[in-house]
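**Q** My questions will all concern the structure given below.
The values are calculated or read from the model by the stated rules, or taken from the named source; none is laboratory data. Keep in mind the model is a prediction, meaning the values are calculated, not measured. In this analysis, Cβ positions are derived from the backbone assuming ideal geometry, glycine residues included, and neighbour counts consider all displayed protein chains. Please note that ligands, DNA and RNA were not included when accessible areas were found on the heavy atoms of the full protein model with its side chains. Shrake-Rupley method; radii C 1.70, N 1.55, O 1.52, S 1.80 Å.
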Amino acid sequence: MSRERVGGFQMGRTRVGGARVRFGVVGAVGLAVAFLWSPAVAQPATPGDPPQIEAGVAPGAPVPDTRPGEAFADPEVAALQRTATDVQRELADLADQVHGAERDLSAAAEKADAARAERAEADRVVAAQQAEVDDYSKGVFAALAQPNQLQVLLTATDPEQFLQGSDLIDRVRADQDGRLTAAYARQGAAEDAEAQAVGAERSAAERKSDLDRRTEDASNRAAAVSSELRGQVDRTNAAVTAQQQAQKERNDRTAANWKAYTDKVAASGVRLPSAAALRDPNALPAGLSPLPGADGAPQAGVAQVALPSGERLLVLPSEVVAAVTSAVGALGKPYVPAGGGEGPTAYSCDGLVRSAFAAGGIALPAAAGEQMAVLSPVATADAQPGDVVFLGPARLGVQGVGVVLDGKTMLAADARLAGVVVSDLPAGDTVLGVGRPALAQRPAQPVPQATDGGLTWRCGSVRVPARSQGEAAGAWGGYPNGLIPPASLCLLGTGSHMLRCDAAQSYQALSQAFAGSFGGPLCITDSYRSFSAQVRLYQVKPALAAVPGTSNHGWGLAVDLCGGIQSFGTAQYAWMAANAPLFGWSNPPWAQPGRGREEPWHWEYTGA
């Protein structure tokens with residue numbers, strides 16, 4: 001089978017029933033995509049840039065989003081993810097079938113070509129042997145006699161010469177007969193093998209034709225689903241935009257309310273006491289009175305004061321007011337799932353709590369479970385602003401934490417909404433307990449541990465594990481692949497390139513280190529890739545690009561690099577291989593030489 005380049009694609013030629021047929025590597029997948037999206041012309045790459053054909057996932061292993069619906073920010077988003085998964089599965093199955101048929105046809109064509117070549121060689125050998133026989137016969141007729149034992153006897157000069165002549169004649173005859181017989185046998189076997197190979201090739205071609213017909217039918221079904229998906233994407237984007245706007249308005253109202261509270265405290269002339277000064281409700285600073293709890297008993301760690309107007313004003317420790325003020329200042333900042341998300345650019349739920357109280361001078365452990373273990377508990381009904389609420393349910397362990405704002409709301413870095421937001425305090429068994437940082441910390445106590453054996457939940461959403469060593473984990477936050485709001489990502493400082501914020505921070509540090517060795521920052525061609533961008537790439541390179549909604553680019557966790565890194569064996573690639581892991585970046589094993597798809601330019605953030 002011969003190959004050629006046509007329009008950027010590698011093409012092959014094969015025979016079907018003796019006729020040459022050209023087929024593309026893209027094959028029938030291209031037919032399906034033609035029904036899904038309108039044609040587009042691939043733009044030539046800038047010199048030195050990597051070809052934009054990578055999938056962003058290991059060959060043949062697109063991993064669906066395994067999160068349950070309640071892990072998404074909105075029911076419409078969850079429905080969109082289910083529809084997208086159906087489309088991904090249909091396209092992936094179709095691509096697998098087409099690739100398999102093309103492999104079978106290619107293999108059959110190669111066998112048929114080999115059988116034809118063997119038959120041609122057998123024909124050549126028979127012809128050569130027949131020519132030798134013909135030459136022998138001509139020699140016999142030219143001598144007007146056949147060399148036999150009688151002639152040898154008459155012409156021999158002694159007995160030894162006679163014996164030698166007789167033996168030579170026998171051997172010549174036997175050799176000639178044997179070679180001609182073998183040549184005919186080889187020719188017959190080659191003809192049989194050729195017939196079988198051509199039959200197999202014809203059958204493979206028929207299977208391929210049948211698959212092409214089925215592909216056309218499937219593409220019509222996929223087109224209908226795709227049309228529905230496009231509508232859902234539009235509706236979901238509108239819902240996400242509206243949700244973000246509503247959330248921003250709620251955040252702004254909360255920030256204004258908190259400022260109004262701190263302004264009122266300042267205007268009242270009350271000097272905020274320290275946390276230590278409020279721990280004994282029976283020995284409060286002058287002018288302050290205890291705040292009764294739900295059971296009527298005075299609460300420790302908070303107080304109240306009567307204003308001249310008759311209004312009673314809540315008095316919190318100065319450390320707690322500073323902590324809540326810091327947390328309110330983080331409203332709208334992006335969420336990151338890492339345990340060390342302590343800002344100032346982005347936060348995890350426990351990272352936000354630790355960072356906020358550190359600003360107030362109160363040291364807390366890093367993880368939510370550890371925070372619950374040491375904070376002195378208070379009754380849920382007695383929760384006050386600045387208390388910390390721990391979230392479950394118990395079967396998931398301590399999976400989330402937030403700062404109480406009032407009896408109905410809390411402030412938290414929410415994975416579902418991918419940001420620091422104001423949200424309702426959950427009800428029922430979702431609340432595992434409330435701790436009061438203003439009180440003295442206790443020796444660590446046991447806290448609920450996950451028992452359901454399922455996926456790990458963190459900060460309100462599922463934390464999907466890494467697919468394999470050296471690969472990004474994938475799904476995070478409450479949005480599907482490629483539909484993450486830009487406000488939940490961070491710019492890299494190069495064009496419009498964005499990544500998840502912890503990956504962006506790490507990338508910038510890696511780029512600075514790279515510049516120290518090569519005199520300039522990392523060269524980048526691709527980063528976060530929206531769902532629509534994945535669709536466009538799949539449209540141009542359907543046999544090579546990832547099925548839309550499966551690439552790690554769609555999670556803001558992958559980059560494509562240039563400037564020498566796009567080629568194995570360069571000094572730049574060698575530097576990255578040695579140093580990028582120190583910053584949490586990896587060229588995945590599947591993208592390295594000999595692993596199935598070589599993509600030296602593709603790097604993923606796996607965490608420092």
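**Q** Do we find a residue being open to solvent by less than 30 Å² (accessible area, probe 1.4 Å), in contact (Cβ under 8 Å) with a residue 60 or more places away in the chain, closer than 19 Å to ILE362 by Cβ and in contact with a helix residue (DSSP H, G or I) (Cβ under 9 Å, 6 or more places away or on another chain) anywhere in the stretch 259-276?
**A** There is at least one residue in the stretch 259-276 that is open to solvent by less than 30 Å² (accessible area, probe 1.4 Å), in contact (Cβ under 8 Å) with a residue 60 or more places away in the chain, closer than 19 Å to ILE362 by Cβ and in contact with a helix residue (DSSP H, G or I) (Cβ under 9 Å, 6 or more places away or on another chain).
So that you can scan it fast, the table gives a plain yes or no per residue for (1) buried (at least 18 other Cβ atoms within 10 Å of the Cβ); (2) modelled with pLDDT under 70:
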| position | (1), (2) |
| --- | --- |
| ALA109 | yes, no |
| ALA114 | no, no |
| ALA122 | yes, no |
| ALA143 | no, yes |
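**Q** Return the pair list, or none, for Cβ contacts closer than 6 Å from residues in the stretch 524-538 that are more than 13 Å from TRP555 (Cα to Cα) to residues that are in a loop (DSSP other than H, G, I, E, B) and open to solvent by 20 Å² or more (accessible area, probe 1.4 Å), at least 6 apart or on different chains.
**A** That search, which allows pairs on different chains as well, returns ILE524/THR494; ILE524/HIS497; THR525/ASP49.
**Q** Inside the stretch 404-521, counting only strands (runs of 3 or more DSSP E) that do not spill past its ends, which hold 2 or more residues that are open to solvent by 10 Å² or more (accessible area, probe 1.4 Å)?
**A** Where strands (runs of 3 or more DSSP E) fall fully within the stretch 404-521 and carry at least 2 residues being open to solvent by 10 Å² or more (accessible area, probe 1.4 Å), they are 409-414, 419-424, 431-435, 456-458.
**Q** Would you check if there is a residue in the stretch 538-560 being among the aliphatic types (A, V, I, L, M) and in a strand (DSSP E or B)? Please lay out each step first, then the result.
**A** Here is the first cut: in the stretch 538-560, the residues among the aliphatic types (A, V, I, L, M) are 540, 543-547, 557-559.
Subset that is in a strand (DSSP E or B): 558-559.
Scanning the stretch 538-560, I find at least one residue that is among the aliphatic types (A, V, I, L, M) and in a strand (DSSP E or B), so the answer is yes.
**Q** Does THR181 satisfy the criteria of being open to solvent by 50 Å² or more (accessible area, probe 1.4 Å), at pLDDT 60 or above, at negative phi and hydroxyl-bearing (Ser, Thr, Tyr)?
**A** yes
**Q** Do we have any residue at all in the stretch 362-371 that's farther than 28 Å from GLN244 by Cα, out of contact with any helix residue (DSSP H, G or I) (no Cβ under 8 Å at 6 or more places or on another chain) and either without any contact (Cβ under 8 Å) to a residue 12 or more places away in the chain or open to solvent by less than 30 Å² (accessible area, probe 1.4 Å) (or both)?
**A** So far as the stretch 362-371 goes, yes, one or more of its residues are farther than 28 Å from GLN244 by Cα, out of contact with any helix residue (DSSP H, G or I) (no Cβ under 8 Å at 6 or more places or on another chain) and either without any contact (Cβ under 8 Å) to a residue 12 or more places away in the chain or open to solvent by less than 30 Å² (accessible area, probe 1.4 Å) (or both).
**Q** Let me ask another. Going through the stretch 580-608 one residue at a time, which ones are in contact with a helix residue (DSSP H, G or I) (Cβ under 8 Å, 6 or more places away or on another chain), modelled with pLDDT of 90 or more and among the hydrophobic types (A, V, I, L, M, F, W, C)?
**A** Passing the criteria: ALA580, PHE583, TRP585, TRP603.
**Q** Another question, if that's okay. Within the stretch 522-531, how many residues turn out to be small (Gly, Ala, Ser) and either in a helix (DSSP H, G or I) or surrounded by fewer than 22 Cβ atoms within 10 Å (Cβ to Cβ) (or both)?
**A** The total comes to 1.
**Q** Restricting attention to the stretch 296-348, report how many residues are of a type in the set (D, E, K, R) and either in contact (Cβ under 8 Å) with a residue 60 or more places away in the chain or part of a helix (DSSP H, G or I) (or both).
**A** The total comes to 2.
**Q** Any residue in the stretch 467-496 that's closer than 19 Å to THR525 by Cβ: show its pairings with residues that are open to solvent by less than 10 Å² (accessible area, probe 1.4 Å) and hydrophobic (A, V, I, L, M, F, W, C) at Cβ separation under 6 Å, as long as the two are six or more apart or on different chains.
**A** ALA472/LEU557; CYS490/CYS501; CYS490/ALA504; LEU492/ALA504
**Q** May I ask you to say which residue of ALA450, ALA515, ALA427, ALA438 is free of Cβ contacts under 8 Å to residues at least 24 places away in the same chain and within 30 Å of GLN384 (Cβ to Cβ)? Outline the logic, then answer.
**A** Values: ALA450 fails: free of Cβ contacts under 8 Å to residues at least 24 places away in the same chain; ALA515 fails: within 30 Å of GLN384 (Cβ to Cβ); ALA438 fails: free of Cβ contacts under 8 Å to residues at least 24 places away in the same chain.
After ruling out the rest, the residue left standing is ALA427.
**Q** Taking the stretch 583-594 only, how many residues are within 14 Å of the chain's Cα centre (by Cα) and part of a helix (DSSP H, G or I)?
**A** Result for the stretch 583-594: 3.
**Q** Let me ask another. Residues in the stretch 283-295 that are assigned to a loop (DSSP other than H, G, I, E, B) and either in contact with a strand residue (DSSP E or B) (Cβ under 7 Å, 6 or more places away or on another chain) or open to solvent by less than 70 Å² (accessible area, probe 1.4 Å) (or both): how many?
**A** 8
**Q** Which residue pairs have Cβ atoms closer than 6 Å, lie 6 or more positions apart in sequence or on different chains, and pair a first residue in the stretch 569-582 that is assigned to a loop (DSSP other than H, G, I, E, B) with a second residue that is open to solvent by less than 40 Å² (accessible area, probe 1.4 Å) and of a type in the set (Gly, Ala, Ser)?
**A** Qualifying pairs under 6 Å: THR570/GLY564.
**Q** Please verify whether VAL270 is assigned to a loop (DSSP other than H, G, I, E, B), among the β-branched types (Val, Ile, Thr), more than 17 Å from SER423 (Cα to Cα) and in contact with a strand residue (DSSP E or B) (Cβ under 8 Å, 6 or more places away or on another chain), treating the condition exactly as stated.
**A** In short, yes.
**Q** Does any residue in the stretch 108-137 that is free of Cβ contacts under 8 Å to residues at least 60 places away in the same chain and of a type in the set (Gly, Ala, Ser) come within less than 9 Å, Cβ to Cβ, of a residue that is open to solvent by 50 Å² or more (accessible area, probe 1.4 Å) and in a helix (DSSP H, G or I) six or more places away or on a different chain, and which pairs are these?
**A** Between residues of the stretch 108-137 that are free of Cβ contacts under 8 Å to residues at least 60 places away in the same chain and of a type in the set (Gly, Ala, Ser) and residues that are open to solvent by 50 Å² or more (accessible area, probe 1.4 Å) and in a helix (DSSP H, G or I), there is no close pair.
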